[in-house]
Each structure stands twice: as structure tokens, then as C-alpha cells.
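Peer 1: Input: one structure, supplied below.
The values are calculated or read from the model by the stated rules, or taken from the named source; none is laboratory data. Computed from a prediction, not measured in an experiment: that's the story for all the values here. Note that each Cβ is placed from the backbone with ideal geometry, even for glycine, and that neighbours are counted across all protein chains shown.
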Amino acid sequence: MKVKICGIKTVEAAKAVVESGADFIGFVFADSKRMVTKEEAKEIADTLPSSIQKVGVFVNEEPEVVQEIATYVGLDYVQLHGDETPAYCEQIKVPMIKAFQVRSKEDLQTLERYNCDYYLLDSPAGKYRGGNGETFDWSLAKGLANLEGKIMLAGGLHAENVAEAIREVYPVGVDISSGVETDGSKDPDKIYAFVKAAKNSGR
């Protein structure tokens, strides 16, 4: 089970993510209370071991800007969390995670139009795209066998419900941000607990 901890803003938080055994670390380059500049992200990224994959989150950004930031920071993946079209995605020359808001079965029919490395199923947007701490109806994600090994799950996850979510959706990975925070800051204890619960889920 792959685990991504998103919304990292400090070297201290990044250190906790690495020590927890997570697989991906996420930097938000879009309008969010967790937004960082490319310079801040590079400063953190430069402290990371090669064993952890660096992901940059973008929302409806110009392709040229995505590419430039990916190169500058040294991102391993870009995560597109907006209304990006399949044609837009074809312009991105970095491994890609595409996020989809899931309200109904119909929302899942759009996935096969996209060619990406991972499909991230998330709850519908609130004030910002992602990071709202709300779950969606996991039963909607059943029956995606054609995308097995490429589905990641996000939205309202925490250490107490992640094992159930994994059993329900059977994703290859899970993605969390607000669920490992206390008073708006990343909490090392919650990070460790979440990664342990996800990794021990039996998946």
C-alpha cells in the first residue's frame, strides 16, 4: 500500500513523513492554506532521500508553469487537481496523477479518457480543490478493475478509517492532508499512525 502525505510546508514535517515510511510527499502549488512557493518546496525537496517520491499539486495551471516548477523542484510526479482536459494532460511530460471528484458513478466514467500514471479519487471540492477532510461514498469506486493498480484514494481519510476505506475501494495507494494535522499543522504522531494503519491494512 502506497501512502502520500500532502500539503508539506516545513522541513520538520517532511522529516516526519520520511521517518514514517510514506512513499510520496506532496507540495501544493495552488490556492490553498498549504500553498508553498517553488523556492520553499525546493528547499524542502533538497533534504529528502531519493527513496521518497516528490509530488507537486496544481490546479488549472498553465502547462509551461507546471513543467518549469517540476524541473526546478525536481518533482517525480505532478498531480493535477483541477479541470484539466485529456488534451491538456498530454502536454505534461512528467509522470502524472490526475484527481477526480467523485459524486456519482457518472464521474468515474471520465477516467478512461485520461492517460496517466495514477487516478486519484477524491471527495467533491469545498473552498479549495482537495484537502477538505470530507469522505465520499466509497462504494461508488467499486468495479474499476480495468484500472487496478492505478487507483489512489483521498478525501476525509484518517488513521481510524483508512483500513476500512482500503478494504472497500482496494486502491494501490492513499493520499492524506488534513487528516494528519492538528490545529492546521502537520502532526508527526498522526502521520506515523496513519502510515502504520494504511501499511497494516492487509492490502
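Peer 1: Does the stretch 159-175 include one or more residues that are touching a residue at least 60 places away in the same chain (Cβ under 8 Å), charged (D, E, K, R) and either in contact with a helix residue (DSSP H, G or I) (Cβ under 7 Å, 6 or more places away or on another chain) or more than 21 Å from Gln109 (Cα to Cα) (or both)?
Peer 2: There is at least one residue in the stretch 159-175 that is touching a residue at least 60 places away in the same chain (Cβ under 8 Å), charged (D, E, K, R) and either in contact with a helix residue (DSSP H, G or I) (Cβ under 7 Å, 6 or more places away or on another chain) or more than 21 Å from Gln109 (Cα to Cα) (or both).
Peer 1: I'd like the full set of residues that are farther than 17 Å from Gln79 by Cβ and in a helix (DSSP H, G or I), limited to the stretch 15-38.
Peer 2: Scanning the stretch 15-38 gives Lys15, Ala16, Val18, Glu19, Ser20.
Peer 1: Out of the residues in the stretch 129-166 that are part of a helix (DSSP H, G or I) and modelled with pLDDT of 90 or more, state the one that is nearest to Gln101 (Cα to Cα). Even if it seems obvious, please write down each step before you answer.
Peer 2: Let us first name the residues in the stretch 129-166 that are part of a helix (DSSP H, G or I), namely 138-141, 145-147, 162-166.
Narrowing the set further to residues that are modelled with pLDDT of 90 or more leaves 162-166.
Numbers: Val162: 18, Ala163: 21, Glu164: 20, Ala165: 16, Ile166: 18 Å.
Filtering first and then ranking leaves Ala165.
Peer 1: Among Ile151, Ile166, Ile191, which is the only one that is among the aliphatic types (A, V, I, L, M) and within 21 Å of Val18 (Cα to Cα)? Let's see the steps before the verdict.
Peer 2: Details: Ile151 fails: within 21 Å of Val18 (Cα to Cα); Ile166 fails: within 21 Å of Val18 (Cα to Cα).
Sole residue among the options that is among the aliphatic types (A, V, I, L, M) and within 21 Å of Val18 (Cα to Cα): Ile191.
Peer 1: Report every pair of residues separated by at least 6 positions or lying on different chains whose Cβ atoms are under 7 Å apart, first residue within the stretch 190-203 and under 19 Å from Val169 (Cβ atoms) and modelled with pLDDT under 95, second among the β-branched types (Val, Ile, Thr) and buried (at least 19 other Cβ atoms within 10 Å of the Cβ).
Peer 2: Ser201/Val162; Ser201/Ile166; Arg203/Ile166
Peer 1: Next question. All but one of (1) modelled with pLDDT under 90; (2) crowded, with 19+ Cβ neighbours inside 10 Å; (3) under 16 Å from Ser177 (Cα atoms) hold for Val57, so report the exception by its number.
Peer 2: Among (1) modelled with pLDDT under 90; (2) crowded, with 19+ Cβ neighbours inside 10 Å; (3) under 16 Å from Ser177 (Cα atoms), the lone unmet condition for Val57 is (1).
Peer 1: Quick one: in the stretch 87-104, which of the residues that are touching a Pro at 6+ places or on another chain (Cβ under 6 Å) and within 23 Å of Leu144 (Cα to Cα) is modelled with the highest pLDDT?
Peer 2: Gln101
Peer 1: In the stretch 1-37, what residues are surrounded by 22 or more Cβ atoms within 10 Å (Cβ to Cβ) and free of Cβ contacts under 8 Å to residues at least 60 places away in the same chain?
Peer 2: Within the stretch 1-37, Ala14, Ile25, Phe27, Phe29 qualify.
Peer 1: Report, by residue number, each residue of the stretch 158-181 that is farther than 12 Å from Leu120 by Cβ and among the hydrophobic types (A, V, I, L, M, F, W, C).
Peer 2: Ala159, Val162, Ala163, Ala165, Ile166, Val180
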